[in-house]
Amino acid sequence: MRGKRMHMFWFVARSKIALGFLIVFIVLVGNATVNMYGRYMEAKARADRAAEELALLEERKTRLTADLERLGTPRGTEEELRKRFNVAAEGEKVIVIVDPKASRQKNEDVRTESVWRRIVNFFTFER
């Protein structure tokens with residue numbers, strides 16, 4: 001009886017219908033595997049981007065915390081006011097240092113224009 005069952009198993013396993021079902025099953029499982037791998041790669045890319053963003057935000061937090069601590073002192077507040085608004089304390093004078101190359105270039109541009117060109121430029125309103 002056991003031999004008959006084995007013979008029947010091999011007969012069914014070799015049939016074209018069984019082979020068709022096996023191929024369909026393999027294709028479906030392969031498709032599911034490929035889809036799952038694609039989702040895994042997308043999730044991994046999102047996790048990597050989130051980790052990078054978290055690192056940038058933590059760095060920004062430490063910078064802002066340090067700035068906040070610095071601005072909490074009178075000296076830090078004074079530094080920031082001087083830097084942003086170019087102000088001086090009472091009795092001090094402000095000295096503005098101009099790059100000589102930039103001012104020389106500007107002066108050369110003015111000198112090279114003819115009188116007529118300057119008059120035309122004065123009356124034309126370019127946007």
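The values are calculated or read from the model by the stated rules, or taken from the named source; none is laboratory data. Since the structure is predicted, the reported quantities are computational estimates derived from the model, not experimental observations. Don't worry about glycine lacking a Cβ; one is built from the backbone with ideal geometry, like all the others, and counts go over all protein chains shown.
Before moving on, here are some points about what is shown:
- Residue within the stretch 87-95 that is exposed (fewer than 10 other Cβ atoms within 10 Å of the Cβ) and in a helix (DSSP H, G or I) present: no
Matching residues to (1) more than 27 Å from V94 (Cα to Cα); (2) at pLDDT 95 or above; (3) surrounded by 10 or more Cβ atoms within 10 Å (Cβ to Cβ):
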residue	(1), (2), (3)
D48	yes, yes, yes
L54	yes, yes, yes
K61	yes, yes, yes
T77	no, no, yes
K83	no, no, no
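- Which numbered condition V110 misses (of (1) over 30 Å from L71 (Cβ atoms); (2) at pLDDT 75 or above): (2)
- For the stretch 113-127, filtered to residues that are loosely packed, with under 10 Cβ neighbours inside 10 Å and part of a loop (DSSP other than H, G, I, E, B), the residue that is modelled with the highest pLDDT is T124.
- Residue match in the stretch 13-23 (condition: among the hydrophobic types (A, V, I, L, M, F, W, C), at pLDDT below 80 and part of a helix (DSSP H, G or I)): yes
- Residue check, R104 of a type in the set (K, R) and at pLDDT 80 or above: no
- Neighbours by Cβ (under 7 Å, 6+ apart or cross-chain): first from the stretch 48-76, assigned to a helix (DSSP H, G or I); second among the β-branched types (V, I, T): L71/T77
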